[in-house]
1. Does Y59 satisfy the condition of being aromatic (F, W, Y) and crowded, with 21+ Cβ neighbours inside 10 Å?
2. Among what's in the range 93-115 and is open to solvent by 40 Å² or more (accessible area, probe 1.4 Å) and among the hydrophobic types (A, V, I, L, M, F, W, C), pick the residue that is nearest to Q39 (Cα to Cα).
3. Please work out if A49 is closer than 14 Å to R98 by Cα, in contact with a Ser or Thr (Cβ under 7 Å, 6 or more places away or on another chain) and outside any loop (DSSP other than H, G, I, E, B).
4. Which residue pairs have Cβ atoms under 6 Å apart, sit 6 or more places apart or on different chains, and have a first residue in the range 69-88 that is modelled with pLDDT of 95 or more and open to solvent by 50 Å² or more (accessible area, probe 1.4 Å) and a second that is basic (K, R) and part of a strand (DSSP E or B)?
5. Considering only the range 9-48, how many residues are among the polar types (S, T, N, Q) and surrounded by 14 or more Cβ atoms within 10 Å (Cβ to Cβ)?
6. For residues in the range 30-44 being outside any strand (DSSP E or B) and among the polar types (S, T, N, Q), which is nearest to Y93 (Cα to Cα)?
7. Just to be sure I understand the filter: pairs with C-beta atoms under 8 Å, separated by 6 or more residues or on different chains, first member in the range 95-107 and of a type in the set (D, E, K, R), second member assigned to a strand (DSSP E or B). Which pairs pass?
Amino acid sequence: QVQVVESGGGLVQPGGSLRLSCAASGMKFSIDVMGWYRQAPGKQRELVAAITTAGSTDYADSVKGRFTISRDNAKKAVYLQMNSLKDEDTAVYYCHARYWATDYWGQGTQVTVSS
């Protein structure tokens with residue numbers, strides 16, 4: 001059974017940092033793309049960052065220079081280091097994995113940036 005599980009969300013002050021982690025299980029082969037999306041109240045879910053098996057990355061313009069995505073292919077894990085957090089980064093963050101042309105999602109983890 002395929003599972004994608006996030007961890008690491010929480011409450012942080014503006015300017016602070018958080019690190020999100022995500023681990024996938026039940027996938028026998030390598031995962032094509034892993035990434036992070038977020039959804040703020042009243043807004044559509046949007047891509048934050050993604051990374052391929054080869055290490056190519058893609059970031060939303062709003063997080064470039066502040067967020068860094070990385071992955072451990074052997075562990076089927078992906079991480080998101082978030083620095084210089086802003087109020088507008090507040091959202092539920094979802095881990096995404098594309099495996100054999102199928103999209104898998106985690107349950108989401110809340111990130112709240114507030115003083």
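The values are calculated or read from the model by the stated rules, or taken from the named source; none is laboratory data. This is a predicted model, so every value here is computed, not measured. No Cβ is skipped: glycine too gets one built from the backbone with ideal geometry, and neighbour counts run over all protein chains shown. Ligands, DNA and RNA are excluded from the accessible area calculation, which covers all protein heavy atoms including side chains. Shrake-Rupley method; radii C 1.70, N 1.55, O 1.52, S 1.80 Å.
1. Values: aromatic (F, W, Y): yes; crowded, with 21+ Cβ neighbours inside 10 Å: no.
Taking the combined requirement at face value, the residue does not satisfy it.
2. Taking the range 93-115 and keeping what is open to solvent by 40 Å² or more (accessible area, probe 1.4 Å), we get 98, 100-105, 107, 110, 112, 114-115.
Imposing the further condition that a residue be among the hydrophobic types (A, V, I, L, M, F, W, C) reduces the set to 100-101, 105.
Values: W100: 25, A101: 23, W105: 13 Å.
Ranking the candidates gives W105 first.
3. Values: closer than 14 Å to R98 by Cα: yes; in contact with a Ser or Thr (Cβ under 7 Å, 6 or more places away or on another chain): yes; outside any loop (DSSP other than H, G, I, E, B): yes.
In short, yes.
4. Sorted first by the residue in the range 69-88, then by its partner, the pairs are Q81/R19.
5. First, pick out the residues of the range 9-48 that are among the polar types (S, T, N, Q): 13, 17, 21, 25, 30, 39, 44.
Applying the additional criterion that residues be surrounded by 14 or more Cβ atoms within 10 Å (Cβ to Cβ) yields 21, 39.
Count: 2.
6. First pass over the range 30-44, keeping only residues outside any strand (DSSP E or B): 30-32, 40-44.
With the extra rule that they be among the polar types (S, T, N, Q), the set shrinks to 30, 44.
Details: S30: 23, Q44: 12 Å.
Of everything passing the filter in the range 30-44, Q44 is nearest to Y93 (Cα to Cα).
7. R98/V33; R98/M34; R98/Y104; D103/H96; D103/A97
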